[in-house]
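The values are calculated or read from the model by the stated rules, or taken from the named source; none is laboratory data. Please read all numbers here as calculations on a predicted model, not as lab measurements. Note that we place each Cβ from the backbone using ideal geometry, even for glycine, and neighbour counts take in every protein chain shown.
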Amino acid sequence: MDKMLVHGGHKLSGSVKISGSKNSALPILAAALLTKEPCVIQHVPDLSDIHYMLQILAFLGAEVERASGTVTIRAEKVKTIAPYEIVRKMRASVCVLGPLLGREKEATVSLPGGCVIGDRPIDLHLKGFDALGATHRIDAGNVKVFAGRLRGATVSLLGKQGPTVLGTDNVMMAAVLAEGVTVIEHAAAEPEVVDLANFLNRMGAKITGAGTDRIVIEGVSELHGAEHAVIPDRIEAGTFLVAAAIAGREVRLQRAEPNHLGAVIGKLADAGYRIETTADTVTLHGNGDPKALDITTNPYPGFPTDMQAQFCALVSRTSGCSKITETIFPQRFMHVSELKRMGADIEMEPGIAYVKGVDRLSGAPVMASDLRASAALVLAGLQAEGITEVNRVYHIDRGYESIDEKLNALGAHIERVKA
Ligand code: EPU
């Protein structure tokens, strides 16, 4: 188990290339199960979550080849039961349910439990499948969905906390091979959903409205192979913008998509950072006196929950009192107790963190608990005095491609050592 030693106080400058999006690539790889023909996916990031997904696809019978960032998948024949041993490692494994149900009319996957960021039900995924005519059964920790035939239907995927990203993906993947027209109301509008819809359309699907809250899918009888390049990772991009805000003179993101970063760029601008964008770059200029922020997470195009922890790290040294409200996963504040161990001044109410900026943070041994919380601890370490020892960095490796090497190339000093 590796840990990272982040030596604080080093200034960042230069350019960093943003990788392909993890949360786009995961369902897109699963979607390759919808056809017998080969699919070629480019800009697939080299991350442990991606490796788990490729292992599941291989177990299900697909031939998987990987050459650098390009993955080729040929799923001539597929099995319909995903193995618990791999599925339990990654919640996003549930997104093989939709394509297997669409193609084979049945699928069995271990039911994902809660995870550290909160309760993570899949009731809305199942509601969508049921609307298409499937039945689901939960038995011995597995969920099985099956159907004689799938028929298009209108279904709302609105939950208590808003729409569901992977639920929208899953229902869309099942519906592309259903008979007739499916309408998903209150669909998630995240760019990753649009990326999946674009890939499915390249495979021959007929999907319109992705990127809005109403997606219309006209079923087709079969899909064919296709090539696709995954969009840039907006959360990795946002994380590097926060690193630049914390410790940067001038940092430029390359192969970024500024249009997907509106809420994050908006909050950085509110704090007083100067940001310039071109079609595929974002440049942030350092600011010695940033302002406190009031942030509420919301579904896209609102401020992403996946950037909440990193902004907590940022405002922990911003003078004034910042308020951070988490509406998607109200318990997603595991980073707070670790930031407090580094000297941050944070008061909690359910779902809300009040962060009073302090003059200094001091390096300390801290424990990574989930992907984005771990990234926040690395960011806090960049601005702390002394060395921050981030333990359990496998959480970071699930979602950031070589974050230590990329930050070091910008001027940070981070060592990765065996714990
Ligand atoms: N929800 C339900 N029922 C469901 C599904 C979701 O009540 O059937 C609730 C959830 O509990 C949550 C809200 O709806 O309160 C939104 O969850 P959503 O389903 O949108 O989350 P997800 O699709 O499982 C994806 C990302 C997460 C990201 C969320 C929200 C992937 C692989 N994961 O999860 O990313 O936080 O959307 O934007 O795409 C991360 O990358 O660190 C990460 C956790």
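Residue 339: touching a strand residue (DSSP E or B) at 6+ places or on another chain (Cβ under 8 Å) and either more than 16 Å from the ligand (Cβ to nearest atom) or farther than 28 Å from residue 186 by Cα (or both), yes or no? For residue 339, the condition - touching a strand residue (DSSP E or B) at 6+ places or on another chain (Cβ under 8 Å) and either more than 16 Å from the ligand (Cβ to nearest atom) or farther than 28 Å from residue 186 by Cα (or both) - is met. Only one entry in 358, 366 is free of Cβ contacts under 8 Å to residues at least 60 places away in the same chain and in a strand (DSSP E or B), namely 366. Which of the residues that make up the range 282-307 are among the β-branched types (Val, Ile, Thr) and at pLDDT below 95? Hits for the range 282-307: nothing passes. The combined condition, being under 17 Å from residue 400 (Cβ atoms) and in contact (Cβ under 8 Å) with a residue 40 or more places away in the chain, is fulfilled by residue 236.
Say we look at the range 141-161 and pick out the residues that are more than 16 Å from the ligand (Cβ to nearest atom) and among the polar types (S, T, N, Q); which of these is modelled with the lowest pLDDT? Per the stated criteria, the residue is 142. When 258, 290, 301 are checked against the criterion of being within 20 Å of the chain's Cα centre (by Cα) and touching a residue at least 40 places away in the same chain (Cβ under 8 Å), 301 stands alone in meeting it.
Of all the residues in the range 174-206, those that are closer than 16 Å to residue 223 by Cα and within 13 Å of the ligand (Cβ to nearest atom) number 1. Is at least one residue of the range 7-16 assigned to a strand (DSSP E or B) and either under 17 Å from residue 226 (Cα atoms) or of a type in the set (A, V, I, L, M) (or both)? The answer is yes; a qualifying residue exists.
Restricting the range 212-255 to residues that are among the charged types (D, E, K, R) and more than 30 Å from residue 34 (Cβ to Cβ) leaves a set whose member that is farthest from the chain's Cα centre (by Cα) is 249.
Only a single item in (1) modelled with pLDDT of 95 or more; (2) part of a helix (DSSP H, G or I); (3) in contact with a helix residue (DSSP H, G or I) (Cβ under 9 Å, 6 or more places away or on another chain) is not met by residue 390, and it is number (2). Checking each residue in the range 330-355 for being small (Gly, Ala, Ser) and either under 14 Å from residue 118 (Cβ atoms) or in a strand (DSSP E or B) (or both) picks out 351, 353.
Residues checked against (1) crowded, with 24+ Cβ neighbours inside 10 Å; (2) more than 8 Å from the ligand (Cβ to nearest atom); (3) not aromatic (Phe, Trp, Tyr):
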| residue | (1), (2), (3) |
| --- | --- |
| 74 | no, yes, yes |
| 102 | yes, yes, yes |
| 112 | no, yes, yes |
| 126 | no, no, yes |
| 163 | no, no, yes |
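The listed residues are 78, 40, and the only one of them that is among the β-branched types (Val, Ile, Thr) and either in contact with a Leu (Cβ under 6 Å, 6 or more places away or on another chain) or assigned to a loop (DSSP other than H, G, I, E, B) (or both) turns out to be 78. Filtering the range 76-94 to residues that are buried (at least 16 other Cβ atoms within 10 Å of the Cβ), out of contact with any strand residue (DSSP E or B) (no Cβ under 7 Å at 6 or more places or on another chain) and within 22 Å of residue 223 (Cα to Cα) leaves only 78. Quick one: which residue in 207, 184 is assigned to a strand (DSSP E or B) and within 19 Å of residue 230 (Cβ to Cβ)? Residue meeting the stated conditions: 207.
Residue 138 meets the conditions (1) over 22 Å from residue 48 (Cβ atoms); (2) more than 14 Å from the ligand (Cβ to nearest atom) in every case but one. The failed one is (2). Can you find, within the range 143-161, the residue that is surrounded by the most Cβ atoms within 10 Å (Cβ to Cβ) among those that are of a type in the set (A, V, I, L, M) and assigned to a loop (DSSP other than H, G, I, E, B)? Only one residue tops the list, namely 157.
Mind checking which residues of the range 112-142 are in a loop (DSSP other than H, G, I, E, B) and acidic (Asp, Glu)?
Matches in the range 112-142: 119 only.
Looking at this structure, is residue 54 surrounded by 23 or more Cβ atoms within 10 Å (Cβ to Cβ) and under 22 Å from residue 83 (Cβ atoms)? In short, no.
Comparison of 47, 29, 57 shows that the only residue that is within 13 Å of the ligand (Cβ to nearest atom), modelled with pLDDT of 95 or more and in contact with a Leu (Cβ under 7 Å, 6 or more places away or on another chain) is 29.
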